[in-house]
Ligand SMILES: NC(=O)c1ccc[n+]([C@@H]2O[C@H](COP(=O)([O-])OP(=O)(O)OC[C@H]3O[C@@H](n4cnc5c(N)ncnc54)[C@H](OP(=O)(O)O)[C@@H]3O)[C@@H](O)[C@H]2O)c1
């Protein structure tokens, strides 16, 4: 039960784009122990609209200047929901100002930046969490606990496929200014996080990564379809397929020596889909995963512990993306 007497963690939203408006601000509103305090946008009107629409609580909630937003002594934390290439500078500025950071995935566009962010937050004594919301899908969580407890026997293999069909290459992810990867940054990093979450505890680190990346449709600098083959210390394996060229049912499969789990259309924003294991249908409650991740971050700040995915784990994910597509 949330304790109503504790002041909520006051969070500033950095950027007013799609995920900030559609998922993150509503999640902050629903989350126990958190409140939207202020907003940063390149455009003053957009910052004001966003602050009003999502009921930001600060008496002065709208900013276009990061340093001015961070100078607010009543602000506790920032949620960085800007384009990938902007995360590092914004995170380090927030840490240097003594604010906790919850950062969208991928946390950076280079492994070196990811390490600088992690070091800046550790140095400043602030919490750094990376927003892999799929860890808060109730069904995924149930079966991660089951996998860690050995319900599938020895884990041998995972397969994850998440794709979408984009109409053109106008998105910033297709270009190098503030993007580094396309499908891999949009969804592949989530696939990698799922595989690492399920397999690392019993299979050890990823020891080998073999990528196959195509850029044939738009002929730009970034990945369109990407296939990653992974091997773990234990000898277990995994495959990831991401693409921006076709729509398909999203799919995750977990195989162990004594059982398996198949996830149909569970990957995505809504905490829904269907899961069948070797024991039959796995029923779970459909719940907003973004609310779960915000509640975990706020609790981590209050309790002085790392959030579910800390900076080191986010940085390892970025290093693997970098290894896949240098
Ligand atoms: N966990 C998830 O489920 C999920 C889903 C989607 C995205 N994400 C992550 O969230 C972040 C934002 O993604 P999004 O899909 O919301 O993107 P988006 O709609 O394009 O929003 C990005 C925002 O960043 C700000 N920005 C500042 N400089 C920019 C520039 N040069 N180019 C583009 N945007 C710039 C803009 O806000 P202002 O105009 O207000 O400054 C823009 O609205 C990314 O890191 C992405 O990987 C996570």
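Values in this text are rule-based calculations from the coordinates and carry no lab data. Keep in mind it's a predicted model, so treat the numbers as computed, not measured. Glycine also receives a Cβ, built like all others from the backbone with ideal geometry; neighbour counts cover every protein chain displayed.
Observations, loosely collected:
- Check on residue 50, within 15 Å of the ligand (Cβ to nearest atom), crowded, with 23+ Cβ neighbours inside 10 Å and farther than 16 Å from residue 129 by Cβ: yes
- Taking every residue in the stretch 126-147 that is closer than 21 Å to residue 262 by Cβ and pairing it with any residue that is away from the ligand (no atom under 16 Å from the Cβ), at least 6 positions away or on another chain, the pairs with Cβ-Cβ distances below 6 Å are 138/284; 138/285; 139/275; 139/284; 142/284; 143/261; 144/198; 147/198.
- When residues of the stretch 279-303 are limited to those that are assigned to a loop (DSSP other than H, G, I, E, B) and without any contact (Cβ under 8 Å) to a residue 60 or more places away in the chain, the one nearest to residue 183 (Cα to Cα): 283
Listed here are the residues, each with its yes/no results for (1) surrounded by fewer than 16 Cβ atoms within 10 Å (Cβ to Cβ); (2) farther than 28 Å from residue 139 by Cβ.
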| residue | (1), (2) |
| --- | --- |
| 168 | yes, yes |
| 177 | yes, yes |
| 190 | no, no |
| 201 | yes, no |
| 208 | yes, yes |
| 238 | no, no |
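- Filter result for residue 97 (in contact (Cβ under 8 Å) with a residue 24 or more places away in the chain and surrounded by fewer than 24 Cβ atoms within 10 Å (Cβ to Cβ)): yes
- Residue satisfying all of: in the stretch 12-22; within 6 Å of the ligand (Cβ to nearest atom) and over 14 Å from the mean Cα position of the chain (by Cα); farthest from residue 45 (Cα to Cα) among these: 18
- Residues of the stretch 23-32 that are surrounded by fewer than 24 Cβ atoms within 10 Å (Cβ to Cβ), in a helix (DSSP H, G or I) and over 15 Å from the mean Cα position of the chain (by Cα): 26, 29, 30.
- Flag for residue 158 being more than 19 Å from the chain's Cα centre (by Cα) and buried (at least 23 other Cβ atoms within 10 Å of the Cβ): yes
- Verdict on residue 270 being within 18 Å of residue 289 (Cβ to Cβ) and free of Cβ contacts under 8 Å to residues at least 60 places away in the same chain: yes
- Scope the stretch 259-278; condition in contact with a strand residue (DSSP E or B) (Cβ under 7 Å, 6 or more places away or on another chain) and either buried (at least 16 other Cβ atoms within 10 Å of the Cβ) or under 17 Å from residue 147 (Cβ atoms) (or both); matching residues: 259, 260, 261, 262, 263, 266, 267, 273, 275, 276, 277, 278
- Note on the stretch 71-92: among residues that are more than 14 Å from the ligand (Cβ to nearest atom) and buried (at least 18 other Cβ atoms within 10 Å of the Cβ), the one that is farthest from residue 13 (Cα to Cα) is 92.
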